[in-house]
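The numbers here are math on the coordinates, done by the rules we state, and not lab data. All of these numbers come straight from a predicted model, not from anything done at the bench. Cβ atoms come from the backbone with ideal geometry, glycine included; neighbour counts cover every protein chain shown.
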């Protein structure tokens, strides 16, 4: 009589469970990583509430060095590298006196004359009924986009109360 042991099958099942739990952990890390979170609906855009930038700043990063320098301003390492044919855009709002401020970078658009890339953004500010903390913040948004070697202009798409 042949006796079949179930140990190999248990090992396979445990291995699959381990792989699935690792995938879940990676997904959670991508959503919020070192205080920086992925911008909703964008796979290569991030937002955060704290940076070393005290005044409004617009940054275009076309090289690995510029990309690294951009992320140094946020206090965390870049969550992704710039690929070939890509560049990074960042908007730092500067210091705000309370919580409740956010900035979002939309997908950029080419100007009508195709001479400049327009980096569309919108900022949310706390509404009068919103509870805020008296904690200074320095919101920022970063996005990887297709490389464009011409000028980039940051354009306010809208503002909104939260």
> Let a ≥ b ≥ c be the square roots of the eigenvalues of the Cα gyration tensor of region 61-162; is it rounded (a/c under 1.5), or, if not, prolate (a/b larger than b/c) or oblate?
Replying inline: oblate
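Give me 46, 71 sorted ascending by neighbouring Cβ count inside 10 Å, so fewest comes first.
71, 46
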> What ranking of 146, 106, 116 emerges when the number of other C-beta atoms within 10 Å of each C-beta is taken as an exposure proxy, fewest first?
Replying inline: 146, 116, 106
>> Could you give the length gained by full extension between residue 155 and residue 98, i.e. 0.36 nm per residue of separation minus their alpha carbon distance, to one decimal place?
In response: 18.1 nm
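By count of other Cβ within 10 Å, fewest leading, how are 111, 44, 138, 84 ordered?
84, 111, 44, 138
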>> If each residue of separation counts as 0.36 nm, what is the full-extension length gain between residue 84 and residue 56 once their alpha-carbon separation is subtracted?
In response: 7.2 nm
